[in-house]
Amino acid sequence: MTDTALSFVHRFEPATDAGAPPLLLLHGTGGDENDLIQLGRMLSPGSALLSPRGKVLEGGAPRFFRRLREGVFDEEDVRFRAAELADFVTEARKVYNVAAPVAVGFSNGANIAAAMLLTRPEVLAGAVLLRAMVPLAAPPAADLKGRGVLLLSGGMDPIVPEENAERLAAQLRAAGARLDHRTLPVGHGLSQADIGLARQWLAAPQPVAA
Ligand code: MLT
């Protein structure tokens, strides 16, 4: 059920398996807190699910930060919104009593997850970034040592050029993340291969639980 009590409209589902990592589900442009619940259940059965709705509206479509046009971001807003979302995660962790979550973000949600990794690395235990691109051209020097990140890109993605995904991969590696970057023969949309790889990756033990 949607909850409006904390600083983001969100859904929370408690864990049914204490050993499964909590997931922070971050939807794409035009999605909401309900969008990725099924995906979360499929990717990591038994995980607690925390699913906020992006606060920025673009022609009525919820997003996690403002963009000037497709692929061109308002970086000041990216920083502000990443901090705001990180504060929400901290707040929700106390209320729901969960460990630092692994973010699972798609498209715009993957981009804000990447921004959080690079600006507030302590908030996330790791991340699955589905079709992410560089959120900040010159991110601060983050310490992601030991944190696992699975970056799944589409080789035929019309929104995220391969060079851009490679640049994000380099930023995450430079910050010390244990990065697994795969480029699948698909476009921007999610495929069965994404689901299989993400599921497998999430089932493996995560070394960092902040
Ligand atoms: C973004 O704006 O974050 C990216 O262009 C992905 C999208 O939401 O279309």
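The values are calculated or read from the model by the stated rules, or taken from the named source; none is laboratory data. Just so it is clear, the model here is predicted, and its values are computed rather than measured. Here the Cβ positions follow ideal geometry from the backbone for every residue, glycine too, while neighbour counts run over all protein chains shown. Surface areas here come from the heavy atoms of the whole protein model, side chains and all, with no ligands, DNA or RNA. Shrake-Rupley method; radii C 1.70, N 1.55, O 1.52, S 1.80 Å.
Share of region 1-67's accessible area from carbon and sulfur, percent, 1.4 Å?
The nonpolar share, carbon plus sulfur, comes to 52 percent.
Can you tally the net charge around Arg178? Count Lys and Arg as +1, Asp and Glu as -1, for every other residue whose Cβ sits under 10 Å from the Cβ of Arg178.
Cβ neighbours under 10 Å give a net charge of +2.
Where in region 130-154 does the label zone of Asp74 land, with the point 7 angstrom along Cα→C-beta and an amide N cut-off under 18 Å?
Under cut-off, by backbone N: 135-137.
Give the distance, in whole Å, between the Cα centre of region 1-71 and the Cα centre of region 140-210.
Spelled out, the Cα-based centre of one part sits 18 Å from the other.
Sequence gap at least 6, Cα distance under 8 Å: using those rules, report the relative contact order of the chain to the nearest whole percent.
18
Between Ala203 and Asn34, what FRET efficiency follows from the Cβ-Cβ distance if R0 is 30 Å, with the result rounded to 0.05?
The computed FRET efficiency comes out at 0.80.
What does the accessible area per residue of the chain come to in Å², with a 1.4 Å probe and no ligands, DNA or RNA counted?
On a per-residue basis, the chain sits at 42 Å².
222 nm [θ] for the chain, helices only, -39500 (n - 2.57) per DSSP H run of 4+, per residue, to 500?
Result for the chain, helices only: -10000 deg cm²/dmol.
Note down the accessible area of Thr119, probe 1.4 Å, to the nearest 10 Å².
Probe radius 1.4 Å; accessible area of Thr119 about 40 Å².
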